[in-house]
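The values are calculated or read from the model by the stated rules, or taken from the named source; none is laboratory data. This one's a predicted model, so the numbers in the text were calculated from it and none came from an experiment. Cβ placement follows ideal geometry from the backbone for every residue including glycine, while neighbour counts extend to all protein chains displayed. Just so you know, the surface numbers come from the protein's heavy atoms only, side chains and all, with ligands and any DNA or RNA stripped out. Shrake-Rupley method; radii C 1.70, N 1.55, O 1.52, S 1.80 Å.
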Amino acid sequence: MASPVDTTVKLFRDDMVGISGVAALAGVSGRTIAILDLCLVTGTATRNVTSLVVSGGIATITTPTDANNVNMVGSVQLIANVTGGMTGATDLNGEQRIISATATTMTFATAVVNGTATTGSTITTKLAPAGWAKTYTGTNLAEFHIIDVAGSGFYIRVDDTATTTCQVRGYEAMSDVNTGTGAFPTVAESANACFWKKSSTANSTANKWDLCADSRFFVFSPLANSGNAPTNIGQAHYAFGDLVAHKSTDNFATICVGATSDPTGVSKNGNIVFYDQASTMARFARNSTGLGGSSAFFTIPECGMGGSTASGSDDFYGSFPPPDGKMRLSAIAVSDTAAPKVVNTIPRGNVPGFQHIPHSLVYQTYTRGDAVIPNSGPLAGRRLYAMVASANFSDTAATAGGRILIDVSGPWR
């Protein structure tokens, strides 16, 4: 590949260049579909690069001034139109992960030798999409599906006709935007499918959001009351796609998760990283046998308290930082049952990317958007992006809820 580092995982947030003012999450029909389309399928519009220079293994892009450019760190840019200037210059084209940024520059690691890139036309850059497809649409309706050949190929249907919520349902196959087979959840389980909150108020005021994805799984994390009150920190984490399955032959470890009803004010309802899922519609496409259809699941950290204890509020290993200064992390396991600690519990896989923090008081050190970069262990050198876990949408105090980390460096698999 052109990049010497992994680019399979894509990070998007509301204040990135090409997103701010373009894909605003608000209490208006169609806004969730617009965000998913940009992040999963199209990427942002291109912008011109005024220069691209390589020195000592670091490529520096210069762009027109934009204050939001500093928010691009951790994102994956898609570079195009480099034709020469140094040996191997065309390897600067393609996906590149940004490691630093100013209002006018972005940098990424490269194996290309020193020099200044040239082109027959203007070099361009854009936020790269995660690599999904969208085939069927309707008025404020759309489906998105996995096209990675290693993936399930399953679909998520998004009904974005309402203002403050949208409703989603997984399908094993679809023939149009209203017709599918192998629904999860089924209509019998939930006539209204899974609810995702997009705004506390039916208006056009933009809310903050994050979205992390690879070509087989995404998590959409809105702060649904932040437009109404910018200091509100509550953040949900809705998810769809293929788990990191424990068995390579498990072809149905695909999940769809949201709230059972409109999660008014409560971000933990329908939240993939909240482990007391009484208010969550959480379904596999099928159970571990591959037979039947939609099947309930439960998430729990492999190390930590679980239950209703949020990541970053979990004192399993005491408060953070501990005396040795080291943060413990845990993968989040998914069981083939609707509750933990029952006789038929079957560990099925892990939630891609997420790391549970079995410490309390993490809010004193990290908030949304902060980076944690471990210097040892299996995640050494990776950028872990902090988000709020299990605070109500209306919570303003930094002490509310916990903190969850997601690996935005990848790979997840």
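Per-residue SASA remark: Ile99, around 90 Å² accessible (1.4 Å probe; ligands, DNA and RNA not included). Sorting the segments 230-236, 332-338 by their mean number of nearby beta carbons within 10 angstrom, highest to lowest, gives 230-236, 332-338.
Solvent-accessible surface of the chain, taken per residue with a 1.4 Å probe and all protein chains present: 37 Å². Of the whole protein surface, Asp15 contributes about 40 Å² of accessible area at a 1.4 Å probe radius. Computed from the C-beta positions of Thr90 and Ser248, the FRET efficiency with R₀ = 41 Å rounds to 0.70. The share of accessible area on the chain that comes from carbon and sulfur is 52 percent, using a 1.4 angstrom probe.
Among rounded, prolate and oblate, which fits the range 131-194 when a ≥ b ≥ c are the square roots of the eigenvalues of its C-alpha gyration tensor, a/c under 1.5 means rounded, and a/b larger than b/c means prolate? Since a/c reaches 1.5 but b/c is at least a/b, the shape of the range 131-194 is classed as oblate. For semi-axes √(5λ) of the Cα gyration tensor in Å, the value calculated from this model appears in [x] 43, 27, 19; [y] 40, 29, 17; [z] 33, 25, 22 under label [z]. Among Tyr275, Tyr317, the order of accessible area from largest down is Tyr317, Tyr275, computed with a 1.4 Å probe on protein heavy atoms. What trypsin sites (Lys or Arg not before Pro) in the range 255-340 are in a loop by DSSP, with at most 15 other Cβ atoms within 10 Å of the Cβ? Those that pass, being in a loop and sparsely packed, are Lys326.
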